[in-house]
Structures are given as C-alpha cells and as structure tokens.
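Student: Handing you this structure, nothing more for now.
Nothing in this text is a laboratory measurement; each read-out follows from the coordinates by a stated rule. From a predicted model like this one, the values you see are computed outputs, not experimental measurements. Positions of Cβ are backbone-derived with ideal geometry, glycine not excepted, and every protein chain shown enters the neighbour counts.
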Amino acid sequence: MNREMPLRPLTLSRLYGVSLLALAASAIPAKSEETLPPIEIGAAAAPRSDRAKAADAPFRAARPGDALSGPAADNAPTPKSSVTMEGIKILGGPAQASTYKVLDMMPSVIEDSADPYGLSFNRSITVRGVSDFFLARTINGLPIQGIVGGADLFDLDDIGRVDLYRGSIPANQGFGFSNAAGVLDLNLLAPKEKLSGTISQGAGSNGFHRTFARIDSGRLPTGTSFFVSGSISDAEKWKGDGDARRKNVAFGLTQSLGDQLEVSVYGVHNDQKANNYLPLTFVQTQNLTATAFVDYNTAFTGKSGIDASYYAFNRTRYVTNAIFAEIAYRIDPTQSIVLKPYYWRNTGYQETTSGASVRLWPISNYNLGGTIEYKKHLPWDADFALGFWSQSAEPEPPPLHQKLYTVTPIGSLNFSSWSSLATSGTHQFFSPYTQYTQTFDATTVSGGLRLHIENTPHLQYFNTKGLPDVIYSDVWSYLPTPDANGVAPALAYSEWLPNFGVRHRLSEEWSANASYSRKVARPDWGPQASSFLGAEAAYLAKGITLASLMGRIRPATVDAVDVGLRYETGDLTIAPTFFGFWTHKKEVLVYDPAVGQSYYQSNAATVGRGFELETIWKATDWLTLTGSATIASETYVANIQAGSSSVMQIGGKQTPYTPRYQAKLAATYHRDGFEITPVIRFNSTRYGLADNSQAVSPYAIVDINASYEFGAKLGLTPMTVSAGITNLFDHRYISAISVNETNLSSTSYYVGAPRTIFAGVSASF
C-alpha cells in the first residue's frame, strides 16, 4: 500500500491580501519619539496614557485566587468572555493541548472529547448549539487553521489568554471559513522582556506522560527577544487498543527597528496522531454498564469484513507547520498600519472502516493569507479601523482522492480500488472591513461592516476503474477519464456582515449593553460529493448531477442579538445576558426517499433564544468562585422538505445536541502555597435526532485539581507539584453526539472518559 503524500507547489502570487504591502510602503512616516498604543476596536477609548500603560503590560501570570474565566473587563459591547492564565492551567488539564477544554466554564458551551487528555481527534464543541465546524478558530486574530487537519497548533503553556465571542462579532474578528458559532481566539504569550524559563513533567492514568519546556531570551541589546518551546505527550486509549501522541515545537521572535517599526514572527510544528474511538449506536447507549467499553477490534479473525474494524485501521495523523508575522508601522502617535501574513500547511492521513473495507484518505492542504489594517485614533475619543483580509486554500473537502483496501488473512492491507479521484481549483476569500468606535462620556458605541466574498473551486471527478495503487501525482500517467456528470463549477458567494453595539455605564458598578451582528456559515461540500459518488446511478436516474446536488447548498447566515447587564465591584462580577439568533438557509442532512439517499440541503431555518449568566466572586482572601448558567433553546421554524416527495415533521422541535439547561461552578481555595479547585458541570437532556427522539440522559461531572508551591519555601527556584482527577465519581455518560447539529437522519454517540488520575511537577526561573 502506497501512502506517500506529495506536496503541492505553491506560489506567493496566491496571497492576494499580502500584495497590499505596497499600501504600507507608500505611507510617509511622521517622525516622533512617542510610542503609539494599540487601538482596541470595539472597546471604549481610554485616555492615551492608560492605553500606553496597558500596551506594555504582559498577560497577568497565573495566580491562585484568579477566576478561571469570565466576561471581558473592557467596555466593548460584544458578548466576549475570556479564560485567564489560571483557567488555562487548571481547565486545560495535564496535556495542555486542547483549546476546547479551557472553555469548560463558559455559558452555552458544551465541550466533549472521547479521551480525558484532549489528545484524541474524536472531540467536539458547540457554542449556543452551533458546532465547531462553524466556529472561527484564530490565533492573534488570524485564521491559521484548516477544515481538515484541525489539531491545535500551540501548547496552552504558550497562550496568555483565550477569548470567545459567542454572539455578535466586530468586523475585524472572525475571519476564516465560517464564524456562525462565534470566534475562539488564542492570544499568544509573546517573548518575555527578561531571561526566564520553565520545565514541567506530568504523568497519569492510561500511560499518560508529558514533558514541556520553554525558554525566553529576554530583551537583548539589539532590541531582539525570542522564545523556544517544545513538548512531547503520549497516552493510551482508555478502552480498546491504540494511543495518541503529540510532538510540538514553537518559537516566537520580536524585533524593534527604530521607534516606528516592530516585527514579530511566530512559527510552530505539530505532529499529532491518534487511534480513533468507536462511537456507539443509540441502542447501545441504553445500557452503558455493558457497552461503555465497546471499541474497535483488537484481534484478527481472518475474515476481511470483520477485520476491517481492527483498531490499527482506524487512525488519524496530522503533521502541521505554520508561520505568521505581525509587522506594525507607527505612522505617528495616533495612526498605524499593521500587516499580518500567515501560512499553514498540513499533511497526513485518515484511515477508517468503510463497510467491509478500509478507506485511506491521504491529506495534503494549505492556507495562505493575510490581513492589512489601518488604525487611527481620532481627537474626539474615537477609534477607526479600515482593513482587508484574504486567503487561498487548496485543496480541502471534498477529498481529492481516496482508496479502498481489503484485509488479508494475515492482517495486512491489500489494495482494492480508488474510491474517488478529482482535481480542484483554489478556494479564495476576500474581505474588506471597517469598524468605528466612539465614547460619549458614559456611553460607548461601536459599529462596523465586513464584506465576505467566497469563491469556491471548480471540481472535476474522474472514473477510477482499473487504476493501480500509485500516489496521486503519478496516477495521471494512466490517463483516467473525466466523469461527465461529476463536475461542480466554481461558484461565488458574497454576504454583507454588519455589526452594531452600545454599552452605557449606569453607575460605578452597573453597565448595560446591546449588540447585533450578522455571521456566516460555510456549506459542507465534502459529504455532498461523497453521497453523489457513492450512489451516482441513483442520482442520475432522477436527473441529479453533482453540479445540481452541490447547488442545493449555500452559505447560511445568522443574525445574532445580545442584550445584557454587568455588575462589577472589587470582589464580585455578575453578567446576565439575553440572546437571540435567527439562522437562514441552514444546511441540514435529510433522507430523500425518491433517490433513496441522504444529502444536504440549505432549506431549513431555526430560531434560538436564551439566557446566560457569568459570575466571579472573590468570597474571601482565600476563596474564589467562578460560575455560569444557561437556559436556551434552538428550534426549527417549520417542517423541512426532504427531496421532492417527503416532509420531515420537525417544526418547533429542539435542534439536536442542544441542552436546554447548563450549570457550571468552580471553587478555588488557596492558602500558603496550597491550591485546590473542584469543578462541577451539568448538562440537561439532549436529543440525537431532529424529531426529538433518541433522548440522551442528563449528566453532572465533577473534576478536581490541586497544587502546592514549595520551591520558594525552601529558598529554591519556584517549584510546584500538582495532581488532579477528572470524572471524580467515575460516572458513565454520553459526551459527544455525532459531529455536528446538521445531521437530521442519523447520528452516533461517544462515551465520556471514566475517572482519570494525573500528577505533575514544574519549575521556573
């Protein structure tokens, strides 16, 4: 079996946005010794001296007594919440690898992973009921990520803060394929101003172990500072056979070039592989005592159809490299131009059971893009931004090629056939935007507009009968013939994405806010093409070609509204929020009895509404409480036409996966270097299907973390020993349901990980 993954040649000409370097070069510098503070679009404009002070302050280091997460403290009217460094340390768990896990305390967020360490690719997250397939995942505001190859790039040890926009989004946030679920933005820890370093070692249940180290150079006489970090993580699956492994190396470098120009460059290499967990059917979920440990086969039987479900034939590996930069040119104390180019490259494979065969999907894709933004602080206490984002992606789902293999009696794979072969153009995005924010005494107003332009690639499939087992680049020498019906033309979509918000300070403690924005969701072209290829004759018999099938889906849009209050004193923060959203042209997978197949259609609409509460209370000098609660629903506006002759009776029903009630609470006790944090999370009943059948029982999970800092007490460098337990009471429950909320015809269920124990030690200087 040939698994070589050829790389596609790239040219810098594909980076449309970065071609705007000419704009930056054309700016005429104004000489000044004063440093321009960063302009926070969507936030109230503080006095210049305060902003300058904030610009020089690093992220607050993790300290006992800090809240784990909570509403953002700025005056932006958007409903943004942030995870602190203390929250990253505790909620991120011993592997410090999954950015989803750190969101566990957020309202309206369900984070689920099939394994307790967040190293598995069988994971999911929903924000206000919308899945991570529609979540913009950014790093320092840049969409350095792909649809396939979704491993987290950076260790959480290198992250200073995690921001989550759940509702409305300002125009300069949420770039990428989709932002209908919101924005998850990682803020990297830049190279530190002083020489420092840290090293940690962890171990735990299921053979888990992890080593991490980071060293910062401090600011050198040349104006240069940099860091280098690396980690190795490994854990066995908690059921069945197989494991998960992750190797990560990252660096960051900043260089001051005079008073007006500063350049930052970051890079990361992440190599992650994992054996999959087997999902359960709904019938199996009804008796978890007997079925919780059901997994892929661990022994060969000599029967190909059964041995295709062997654990070693169900695995994923992604090798990802990314590099990005921030080039900030300060024209004068009130204006600047910031250029941010980025490049993301992913290779690897997915190997899965496909009926009686094993399917191999070799993966090789990239993203190349950038933003350029002009910022201006105006004399009347206002901030203005004008920018442009562009990205090229090639290829992406649907897969360009996949192969099928049978299992021999001795357990090896024997090539059977190509299951798909295609060529694809480039997926392109262009997006100009502007945002304006002004403060009038106690009132901050912010509004903006972004034009989202998306050009999908031309897609051509080929007949694969008789093609040999060779790599993708070599198969063309065998002259495969085009499938005349397997053609999807390039399409262009555009959406205007406005936003507007206002926050008014009612008193020293109370403020009120309201905001609106439109968001966009990408269609899922991959399963649509796979459905056609798997039953081409059935589709053609009804006059449906690939082009017409692809034409049944298009980007959905979401109108989101948030209205809330915020109460803040020195010890207590309470932020209640009422929200609503309306989804148009929602893509759903339905069964068409006329064709005898399931395929996606953009013909649904939903309405969501709910109430969120975030609280932070420093009850005493040694006890801090972090909590959130959610009451929400998302229902279908009407029944859905399924093909030409059937209607799904789901009008008024709750969408799959979304619970109506959630509650989360963490209590951090800290004294004399000792810290302990129990965390409890509750989710009410969820449904596996849109007709509200296949109800999944509610669950409550308790985790606990503890640490003790002893180095300083012994007159040594700071050293901390830590330990923790997830799922303390070893509760059997269903965590993730399927992979997204758009599947109305079938679903699958993953069992939550059992009790897991871990410990570690770290030292820093």
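Student: List every residue whose amide H lies under 5 Å from the amide H of residue 554, counting only residues 5 or more places away in sequence or on a different chain, with H placed 1.01 Å from N in the peptide plane.
Tutor: Here 602 satisfy the definition.
Student: Once you have a ≥ b ≥ c as the square roots of the Cα gyration tensor eigenvalues for region 616-765, tell me rounded if a/c is under 1.5, and otherwise prolate or oblate according to whether a/b is larger than b/c.
Tutor: prolate
Student: Could you give each residue of region 112-124 its phi-based ³J(HN,Hα) in whole Hz, using Karplus coefficients 6.51, -1.76, 1.60 with θ = phi - 60°, and x for Gly or Pro?
Tutor: 9, 9, 6, 10, x, 9, x, 9, 7, 7, 7, 9, 7
Student: Ranking request for peptides 157-164, 240-247: highest mean number of other beta-carbon atoms within 10 Å first, then the rest in descending order.
Tutor: 157-164, 240-247
Student: Charges only on Cβ, +1 for Lys and Arg, -1 for Asp and Glu: so what's the dipole of region 208-305 about the Cα centre, in debye to the nearest 20?
Tutor: Approximately 260 debye in magnitude.
Student: Specify whether the C-alpha gyration tensor of region 310-381 places it in the rounded, prolate or oblate class, a ≥ b ≥ c being the square roots of the eigenvalues: rounded for a/c under 1.5, otherwise prolate if a/b is larger than b/c and oblate if not.
Tutor: Values: a/c = 5.77, a/b = 4.15, b/c = 1.39.
Prolate is the answer for region 310-381, as a/c is 1.5 or above and a/b outweighs b/c.
Student: Answer with one residue from 537, 605, 629: the one whose Cα lies farthest towards the positive end of the charge dipole of region 526-651, charges on Cβ with Lys, Arg +1 and Asp, Glu -1.
Tutor: The residue sitting most towards the positive pole is 537.
Student: So, by mean Cβ neighbours within 10 angstrom, what's the order for 417-424, 138-145 with the highest one leading?
Tutor: The most tightly packed comes first, giving 138-145, 417-424.
Student: With label points built 7 Å along Cα→Cβ from the Cα atoms of residue 540 and residue 669, find their separation and express it in nm.
Tutor: 7.1 nm
Student: Here's a follow-up. Tell me which aspartates and glutamates have Cα within less than 19 Å of residue 465's Cα, excluding those fewer than 8 residues away on the same chain?
Tutor: Qualifying aspartates and glutamates at Cα under 19 Å: 474, 483, 536.
Student: So how do 719, 648 line up by other beta-carbon neighbours within 10 Å, fewest first?
Tutor: Fewest to most other Cβ atoms nearby, the residues stand as 719, 648.
Student: So between residue 211 and residue 649, what do we pick up on full extension, going 0.36 nm a residue minus the alpha carbon distance?
Tutor: Length gained, residue 211 through residue 649: 152.4 nm.
Student: What does the helix-only formula give at 222 nm for the chain: each DSSP H stretch with n ≥ 4 adding -39500 (n - 2.57), the total divided by the residues, and the result rounded to the nearest 500 deg cm²/dmol?
Tutor: -1500 deg cm²/dmol
Student: When ranked by the protection proxy of mean other Cβ atoms within 10 Å per residue, highest first, what sequence do the peptides 369-375, 383-389 form?
Tutor: Ranked by mean Cβ neighbours within 10 Å, highest first: 369-375, 383-389.
Student: Could you tell me the calculated FRET efficiency between residue 477 and residue 269, based on Cβ-Cβ distance and R0 = 30 angstrom, to the nearest 0.05?
Tutor: 0.35
Student: Of 451, 281, 107, which is farthest along the charge dipole of the chain in the positive direction, counting Lys and Arg as +1 and Asp and Glu as -1 at C-beta?
Tutor: The residue sitting most towards the positive pole is 281.
Student: Classify the chain as rounded, prolate or oblate from the Cα gyration tensor: take a ≥ b ≥ c as the square roots of its eigenvalues, call it rounded if a/c is under 1.5, otherwise prolate when a/b beats b/c and oblate if not.
Tutor: Because its axes are fairly even, with a/c under 1.5, the chain counts as rounded.
Student: Right, next: Would you mind getting the Kirkwood hydrodynamic radius of region 243-352 from its Cα pairs, rounded to one decimal in Å? Before the final figure, lay out the partial values.
Tutor: Values: mean 1/r = 0.0542 Å⁻¹.
One decimal place: 18.4 Å for the Kirkwood radius.
Student: Let me ask something additional. Can you tell me the FRET efficiency between residue 493 and residue 660 if r is taken as the Cβ-Cβ distance and R0 is 25 Å, rounded to the nearest 0.05?
Tutor: Once rounded, the FRET efficiency stands at 0.15.
Student: Computed over the Cα atoms of region 582-699, what is the ratio Rg over Rh, Rh following Kirkwood?
Tutor: Over the Cα atoms of region 582-699, Rg/Rh equals 1.21.
Student: Under a point-charge model restricted to the Cβ atoms of Lys and Arg (+1) and Asp and Glu (-1), what is the dipole moment magnitude of region 14-764 relative to its Cα centre, in debye to the nearest 20?
Tutor: Its charge dipole is roughly 780 debye.
Student: In addition: If each of residue 440 and residue 712 carries a label point 7 Å out from its Cα toward its Cβ, how far apart are those two points in nm?
Tutor: Between residue 440 and residue 712, the simple spin-label model gives 4.8 nm.
Student: Separate question: Given an 8 Å cut-off on Cα distances and at least 6 residues of separation, report the relative contact order of the chain as a percent.
Tutor: Once normalised by length, the contact order is 13 percent.
Student: Between Rg and the Kirkwood Rh of region 523-594, both from Cα atoms, what is the Rg to Rh ratio?
Tutor: 1.35
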